[in-house]
Amino acid sequence: MDKYPIILGQISVVTATYSLLGVYAMAVLYFVVNGMRKTTNMSDYALGSVQFSPAFVGLSLAASMTSAATFIINPGLIGTYGISGFISYGLALPVAAIFSLVLLTKGFRKFGNKVSALTMAQWMGNRYKNEKFALFFAFLSLLLITFIVLICVGITQVLSKALGLDPAYALAGVIVFVFGYMMFGGANSMVYTNTIQAVSMVIVAIILISSGYEYFEKGVNDFFNKLTAIDPNLTKPLNPESPLFRDYFEIIFCQIVVGIAVVCQPHILTKSLLLKKSTDVNRYLLVGATVQFLFFLVVIAGLYARIEFPDMKIGDTPIAPDGLISTYVVTKFPVYLSIIIIFGLISAGMSTLEGLIQSLSSTITSDIIMKVSPEAFRKKLEDGKAGIMVNKIVIILLAIVSFLFSYQQLINPNMSVAIFAQNGVYAYFSCAFIPVLFGMFLPRANTNAVIIAALSALIIHFGMYYGGITAYMQTTVKNPAIASTAAILGSSIIGILLYFVLPKKQYHDM
């Protein structure tokens, strides 16, 4: 008899989830069809042909920057390792990232509009008058597939539990649907779908952040006592037993460096190019930064989940860090709230996934295929319809690759898919940091200084991570933030030295 309420509850959640997904799919397809009608070439696909409200674009920015990592994956790591993780992912990284966003956006947008750049690679090539450097960054953008994998895994974790599906089937459904509709509307539909997703994420963020109120009824000390009773390391500012939050260098210094550089990703910085007027930038940043900080605070829900599952098990089944929040949602809340939260968690992933598919496919089409193809083929691609068709084929190939990597991370992750994703994404923006910074603030920088700095970052990051350099890299689970920090600082030193040593040249009036 004890099983019936659980079965009935599961049926209710499954039915309601399918219904919600149906409504969501129809809403998305409506915007995609409208966007498709206004998308006639790659410029429309990448930047849009519609004048968007700065508030809409700001919400889209917040949704893109805070993805499934913030709502699903990182809370699981914080639930596993405690307060040290919250300091790292909930405070140090967000403050640095928002500061960097405000600082870099205006300069990037000013130059991006001036040279009509559709992608980050084009921005690099046009800024430094070097097509080979643009091609290098286009190929480097392929590292962002690791981020797509993280999001696919996060969404799959939620849907497979909510729908009672085998994760492989849930993963296939996610990839077919999202990659399918992103073949058509592009930026014209994405801003509107991102806005729906961001609004739902705001609601869910408030629900998740406040869901632990019962643990604070007797005060903050009682909340900490509950965590301490599970594991004393959960309430310490440092967790020496974790592979990610062992000392202040890891949880504060590295996260500040990474947070400053994390903005140098194409689906983040290029979002400002959707604004048609410079007067819209301040409102865009205010909305984006405010909502974004709220989203970052969601990671505290990982601590609530750990109190609910002190031994990281549900029954006799262990809960992996990546599955902790989805398990918490489907067991903790009544059906009507579970459905709202499930939608918000899915939205958190979909919003960034859309931005990554759009920016990465645009880069592969415009900056790789259009540049390395034979001249006769390139002339055909200059036709708007031909370019859009090639972009659709690129998205199909991205879908296949993403499925294969995501499935591997579902069945055999190295602790968490976050490690896999961070290693790729952190390497990308470590290389982008100095070119973006010099491009906006040092107009006379020698191109060779920037190229050498970017290449140095790539070598330092992967050399340190895979070479096992320093004690931090001697463990089974390595922290990519440390390799990224070394790469950013190392390339910055090299770039600055070369800036003063190599002859200056005036490229553009900034």
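Since GLY463 meets every condition but one in (1) crowded, with 18+ Cβ neighbours inside 10 Å; (2) over 19 Å from the mean Cα position of the chain (by Cα), which condition does it not meet?
Failed condition: (1).
Grab the helices (runs of 4 or more DSSP H) fully contained in the range 334-422, keeping just those with 2 or more residues being of a type in the set (D, E, K, R). Before the answer, list the steps.
Numbers: elements: 335-363, 375-381, 384-411.
The qualifying helices (runs of 4 or more DSSP H) are 375-381, 384-411.
When you check PHE147 against the structure, is it crowded, with 19+ Cβ neighbours inside 10 Å, of a type in the set (Phe, Trp, Tyr) and outside any helix (DSSP H, G or I), yes or no?
Working: crowded, with 19+ Cβ neighbours inside 10 Å: yes; of a type in the set (Phe, Trp, Tyr): yes; outside any helix (DSSP H, G or I): no.
No, not satisfied.
Out of the residues in the range 335-354 meeting the condition of being of a type in the set (S, T, N, Q) and closer than 21 Å to MET65 by Cβ, tell me which one is surrounded by the fewest Cβ atoms within 10 Å (Cβ to Cβ).
We begin by selecting, within the range 335-354, every residue of a type in the set (S, T, N, Q); these are 338, 347, 351-352.
Those still in the list that are closer than 21 Å to MET65 by Cβ too: 347, 351-352.
Working: SER347: 26, SER351: 31, THR352: 28.
By that ranking, first place goes to SER347.
Specify which of the listed residues (TYR466, TYR426) is of a type outside the set (Lys, Arg), touching a residue at least 40 places away in the same chain (Cβ under 8 Å) and assigned to a helix (DSSP H, G or I). Walk me through it before giving the result.
On the way: TYR466 fails: touching a residue at least 40 places away in the same chain (Cβ under 8 Å).
Exactly one of TYR466, TYR426 is of a type outside the set (Lys, Arg), touching a residue at least 40 places away in the same chain (Cβ under 8 Å) and assigned to a helix (DSSP H, G or I), namely TYR426.
Does ALA449 fit the bill of being among the aliphatic types (A, V, I, L, M) and either under 24 Å from the mean Cα position of the chain (by Cα) or outside any loop (DSSP other than H, G, I, E, B) (or both)?
Values: among the aliphatic types (A, V, I, L, M): yes; either under 24 Å from the mean Cα position of the chain (by Cα) or outside any loop (DSSP other than H, G, I, E, B) (or both): yes.
Spelling it out, ALA449 is indeed among the aliphatic types (A, V, I, L, M) and either under 24 Å from the mean Cα position of the chain (by Cα) or outside any loop (DSSP other than H, G, I, E, B) (or both).
From the residues in the range 394-437 that are modelled with pLDDT under 90 and either more than 25 Å from PHE71 (Cα to Cα) or among the hydroxyl-bearing types (Ser, Thr, Tyr) (or both), which one is nearest to the chain's Cα centre (by Cα)?
Among them, the one singled out is SER416.
Could you grab me the full set of residues in the range 399-425 that are among the aliphatic types (A, V, I, L, M) and under 30 Å from PRO243 (Cβ atoms)? Please lay out each step first, then the result.
Residues of the range 399-425 that are among the aliphatic types (A, V, I, L, M), as a first pass: 399-401, 404, 410-411, 415, 417-419, 421, 425.
Passing the criteria: VAL401, LEU404, LEU410, ILE411, MET415, VAL417, ALA418, ILE419, ALA421, VAL425.
Taking interchain pairs and intrachain pairs at least six residues apart, which have beta carbon atoms under 8 angstrom, with the first residue in the range 396-418 and in the same structural domain as ALA168 (by TED's automatic domain parsing) and within 13 Å of ILE175 (Cβ to Cβ) and the second not hydroxyl-bearing (Ser, Thr, Tyr) and not in a helix (DSSP H, G or I)?
Hits for this filter: ILE396/MET183.
Among the residues of the range 355-370, which ones are under 17 Å from the mean Cα position of the chain (by Cα), of a type outside the set (Ser, Thr, Tyr) and modelled with pLDDT of 80 or more?
Matches in the range 355-370: LEU356, ILE357, GLN358, LEU360.
Going residue by residue through the range 62-81, is there one that turns out to be among the aromatic types (Phe, Trp, Tyr) and closer than 18 Å to ILE207 by Cβ? Walk me through it before giving the result.
Step one: list which residues in the range 62-81 are among the aromatic types (Phe, Trp, Tyr), which gives 71, 81.
Then drop every residue that is not closer than 18 Å to ILE207 by Cβ, which leaves 71.
Checking the range 62-81: at least one residue is among the aromatic types (Phe, Trp, Tyr) and closer than 18 Å to ILE207 by Cβ.
Of a type outside the set (A, V, I, L, M, F, W, C), within 22 Å of GLY302 (Cβ to Cβ) and more than 26 Å from the chain's Cα centre (by Cα) - does that describe any residue in the range 241-261?
Filtering the range 241-261 down to residues of a type outside the set (A, V, I, L, M, F, W, C) leaves 241-243, 246-248, 250, 255, 259.
This time we only want the ones that are within 22 Å of GLY302 (Cβ to Cβ), so: 241-243, 246-248, 250, 255, 259.
The next check asks that each one be more than 26 Å from the chain's Cα centre (by Cα); those that pass are 241.
Looking for residues that are of a type outside the set (A, V, I, L, M, F, W, C), within 22 Å of GLY302 (Cβ to Cβ) and more than 26 Å from the chain's Cα centre (by Cα), one finds at least one in the range 241-261, hence yes.
Can you tell which of PHE245, PHE224 is surrounded by fewer than 18 Cβ atoms within 10 Å (Cβ to Cβ), closer than 24 Å to MET312 by Cα and either in contact with a strand residue (DSSP E or B) (Cβ under 6 Å, 6 or more places away or on another chain) or hydrophobic (A, V, I, L, M, F, W, C) (or both)?
Values: PHE245 fails: surrounded by fewer than 18 Cβ atoms within 10 Å (Cβ to Cβ).
After ruling out the rest, the residue left standing is PHE224.
Could you check how many residues of the range 12-56 are at pLDDT 70 or above, part of a helix (DSSP H, G or I) and either outside the structural domain of ILE340 (by TED's automatic domain parsing) or farther than 18 Å from MET182 by Cβ (or both)?
The number of residues fulfilling the criteria is 13.
Does the range 399-412 contain any residue that is of a type outside the set (D, E, K, R) and within 30 Å of ILE493 (Cβ to Cβ)?
Start the filter on the range 399-412 by keeping residues that are of a type outside the set (D, E, K, R), which leaves 399-412.
Filter again for within 30 Å of ILE493 (Cβ to Cβ), leaving none.
No: the range 399-412 contains no residue that is of a type outside the set (D, E, K, R) and within 30 Å of ILE493 (Cβ to Cβ).
The values are calculated or read from the model by the stated rules, or taken from the named source; none is laboratory data. If you're wondering where the values come from, they're calculated on a predicted model, not measured in any experiment. All Cβ positions, even for glycine, are placed from backbone atoms using ideal geometry, and neighbour counts span all protein chains on display.
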